[in-house]
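K.L.:
Before we start, here is the structure in question, set down as structure tokens.
The values are calculated or read from the model by the stated rules, or taken from the named source; none is laboratory data. As the structure is a computational prediction, the values presented were derived from the model and not from experiment. Cβ: placed from backbone, ideal geometry, glycine included. Neighbour counts: every protein chain shown.
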2 protein chains.
Amino acid sequence: MQTNAGVKRVPSVHTGGSMNVMLAAGALRDDGLIQEESAIAQALRDAILERRLGPGSRLPEEQLAEIFASSRGRIRRVLLALAREHIVVIQPSRGAFVASPDAAEARAVLAARRMIEVAVMERPCQPLTEDAIAVLRAVTEEERRAHAAHDSVAMIRWSGRFHLELALALGNAVIAGIVSELSLRTSLIIAIYERQNAMCCLKADHDLLLGTVCEQAWAEAGRLMSRHLLEIEQNLDFSSPAPPASSLSLILKR
Amino acid sequence: MQTNAGVKRVPSVHTGGSMNVMLAAGALRDDGLIQEESAIAQALRDAILERRLGPGSRLPEEQLAEIFASSRGRIRRVLLALAREHIVVIQPSRGAFVASPDAAEARAVLAARRMIEVAVMERPCQPLTEDAIAVLRAVTEEERRAHAAHDSVAMIRWSGRFHLELALALGNAVIAGIVSELSLRTSLIIAIYERQNAMCCLKADHDLLLGTVCEQAWAEAGRLMSRHLLEIEQNLDFSSPAPPASSLSLILKR
DNA sequence: GACGGGTGCATTGTTAACAATCATCGTTTA
DNA sequence: TAAACGATGATTGTTAACAATGCACCCGTC
């Protein structure tokens, strides 16, 4: 599924360079899965990311097989892969469900993110290239556009994307893979514990961050990143155990 | 995340203590795998960690199924899980092999480790408990013992274990999982690129580190950790592409 | 009305047979 | 001699049928 509808348009002149990085993002490789499986996995990740599939949702093998015009065996492999990413839970003899992390796990994930992403800011292990800056600018531009259009799905996606590109630009592919996984888990967590009045995770934080990054003010960038992630955490409400218990309605195919 | 809640670890006693510490290690849960599969996966990880299975080794499904008295289907699941940990590579229609990361991947893994583990030292997100210190002391004691006995297998294992316990003590379960995976990848890397005259990865670095940790001298601990990991990296020789090409001799079952 | 047991259905788990693919090696030919 | 070709065997990939499990529903009894 590199037909990722929205991902194509990077509004910059240097289509060539951006394109490359664009591809890399979706394709941060799904080791051990063949193309078709990888596509299904990505479709499920997208559905979770965009909250079409809520935490606790049932994921029946046969139904998924039909939806994706695939076989049960293949779905099974995909579900195992997603279980290893901690966004799906497999209960033996019961089936697979979208994970619904508890408060402790939520805190652990966020703490890990803070630790890692702040470290990436403070001590980048790669020089910042012009290309990388261009990509980051393009992403924040997309974020702004999504925000203006009140397109919350796009907002979620580009927001995650910003963190990923940052990890890729200042860290490396291994770190980016880790950040990517933690990002996805985070968005599951937000789906469960978000405060009602939540400010939808963006108030130009990313712009600010990008500014300091461009100036190579690493210490300040680290501080901003820390604050940014702390804010996300502080906008969670762990008091309501609230398992939203979504139905098995699958609006997966597009 | 009560992952390690049930496992009480008391360091003191020789066999008993060590055993307990042993258990906790593998048990950093293998999501999506049933017990039997998890055991097989751990056996393979151990074999790789201890370099009984060298990089590039072939891993035929049927043979593994026989060795572990299991079925091909189950082996298949295990291999997929290990592929997602990047310690096994699955080549479609060709089979599974122990991964042999190239220089670029090796550097990325080590850089990621340095970034993350240094961050854990510098900014622990948990107060250091007495229990944790006891466990860490026990591990270094085991390391010393293994070193004295020239038991390189035990040395490798306890060395990795030290890093894991550190991440668990000062970080959390999520970070420990990440460190655990990176550790395993590192030991694959060392198996490939280690300099002949390598000093076998331990010259009391861990003792020193533990000392500063106990004193809660975080900045110094971070510096030591950084140096420690850099030393590992500097003892690698990427010039010889040397794929040791090990046979498929499987001394897996114990 | 609540509890316990039992039946049937829906779903997952497992297996075995078959199909497809790749490597090996011997043979042929330029 | 070396390259190309082709058959053979070994290994992986896929499927479909069957077994096992858990769940919901119904019924009877207390």
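K.L.:
Could you please let me know if B:MET121 is of a type in the set (A, V, I, L, M), without any contact (Cβ under 8 Å) to a residue 24 or more places away in the chain and crowded, with 18+ Cβ neighbours inside 10 Å?
P.N.:
Spelling it out, it is not the case that B:MET121 is of a type in the set (A, V, I, L, M), without any contact (Cβ under 8 Å) to a residue 24 or more places away in the chain and crowded, with 18+ Cβ neighbours inside 10 Å.
K.L.:
For the range B:11-42, how many residues meet the condition of being at pLDDT below 95, aliphatic (A, V, I, L, M) and under 26 Å from A:GLN91 (Cβ atoms)?
P.N.:
5
K.L.:
Among the numbered criteria (1) within 14 Å of chain B (Cβ to nearest Cβ); (2) in contact with a strand residue (DSSP E or B) (Cβ under 6 Å, 6 or more places away or on another chain), which single criterion is violated by A:TYR193?
P.N.:
Status for A:TYR193: all satisfied but (1).
Here's the yes/no breakdown for (1) within 13 Å of DNA strand D (Cβ to nearest atom); (2) modelled with pLDDT under 95; (3) not polar (S, T, N, Q):
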| residue | (1), (2), (3) |
| --- | --- |
| A:ALA47 | no, yes, yes |
| A:ARG58 | yes, yes, yes |
| A:GLU61 | yes, no, yes |
| A:GLU85 | no, no, yes |
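K.L.:
For the condition within 14 Å of chain A (Cβ to nearest Cβ) and part of a helix (DSSP H, G or I), what is the one hit in B:ALA132, B:ALA111?
P.N.:
Just one listed residue meets the conditions, B:ALA111.
K.L.:
Take the residues of the range B:67-108 that are away from DNA strand C (no atom under 13 Å from the Cβ) and basic (Lys, Arg): which is nearest to the other protein chains (Cβ to nearest Cβ)?
P.N.:
Taking the candidates together, the pick is B:ARG84.
K.L.:
Please specify each residue of the range B:114-129 satisfying the condition of being in a helix (DSSP H, G or I) and either away from chain A (no Cβ under 14 Å) or over 19 Å from B:THR186 (Cβ atoms) (or both).
P.N.:
Correct list: B:GLU122 only.
K.L.:
Which of the residues spanning the range A:57-66 are closer than 20 Å to A:PRO92 by Cβ and either among the small types (Gly, Ala, Ser) or more than 9 Å from DNA strand C (Cβ to nearest atom) (or both)?
P.N.:
A:SER57, A:ALA65
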